[in-house]
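As structure tokens, the structure follows; a few thoughts come after it.
The values are calculated or read from the model by the stated rules, or taken from the named source; none is laboratory data. Keep in mind that this is a model prediction, so the values were computed, not measured. Backbone-built Cβ (ideal geometry, glycine too); neighbour counts: all protein chains shown.
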Amino acid sequence: VPMMEGLAVYLIPKMIGARDLIFPRLSALGYYCYLFGGIILLSSVFLGVAPKAGWFMYTPLSSSSHMPGVNSDFWLLG
């Protein structure tokens, strides 16, 4: 999805004959949110706080009784 957004940010102004998008700072904000979210998500693996509930975060496995700490919170922040 982010790759398609980047491609759209580049191609749509070319297709309509404009110099830039109407809200270039909003496009930059979307990129920076994606970048910082990815950094937080990947740093959870290196910091040892990656969730142990699988990729789907199913409720019994992701509850605080099964996985205490900030593991799932850190993952959801990313």
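Consider segment 14-30. How many of its residues are modelled with pLDDT of 90 or more, over 22 Å from the mean Cα position of the chain (by Cα) and of a type outside the set (G, A, S)?
Of the residues in that region, 3 qualify.
Kindly indicate the residue of segment 39-73 that is under 27 Å from M4 (Cβ atoms) and in contact with a Pro (Cβ under 9 Å, 6 or more places away or on another chain) and also surrounded by the most Cβ atoms within 10 Å (Cβ to Cβ) among those meeting that condition.
The qualifying residue surrounded by the most Cβ atoms within 10 Å (Cβ to Cβ) is S44.
Could you list, in sequence order, the residues of segment 12-65 that are over 20 Å from L77 (Cα atoms) and of a type in the set (A, V, I, L, M, F, W, C)?
I12, M15, I16, A18, L21, I22, F23, L26
From the residues in segment 24-78 that are part of a loop (DSSP other than H, G, I, E, B) and β-branched (V, I, T), which one is farthest from L11 (Cα to Cα)? Spell out the reasoning first.
Residues of segment 24-78 part of a loop (DSSP other than H, G, I, E, B): 48-58, 63-70, 78.
Imposing the further condition that a residue be β-branched (V, I, T) reduces the set to 49, 70.
On the way: V49: 39, V70: 41 Å.
That would be V70.
I'd like to know if segment 22-32 contains one or more residues that are hydrophobic (A, V, I, L, M, F, W, C) and touching a residue at least 12 places away in the same chain (Cβ under 8 Å). Even if it seems obvious, please write down each step before you answer.
Applying the first criterion (hydrophobic (A, V, I, L, M, F, W, C)) to segment 22-32 yields 22-23, 26, 28-29.
From the residues that got through so far, the ones that are touching a residue at least 12 places away in the same chain (Cβ under 8 Å) too are none.
Within segment 22-32 (the criterion being hydrophobic (A, V, I, L, M, F, W, C) and touching a residue at least 12 places away in the same chain (Cβ under 8 Å)), the answer is no, since none of the residues qualifies.
Being at pLDDT 70 or above and over 24 Å from Y34 (Cβ atoms) is the filter here; which residues of segment 62-78 pass it?
S63, S64, S65, M67, P68, G69, listed by residue number.
Check L77 against each of (1) of a type in the set (A, V, I, L, M); (2) surrounded by 10 or more Cβ atoms within 10 Å (Cβ to Cβ); (3) closer than 20 Å to M4 by Cα and name the one condition it does not meet.
Unmet condition: (3).
If a residue has to be surrounded by fewer than 11 Cβ atoms within 10 Å (Cβ to Cβ) and under 12 Å from the mean Cα position of the chain (by Cα) to count, how many in segment 1-13 make the cut?
1
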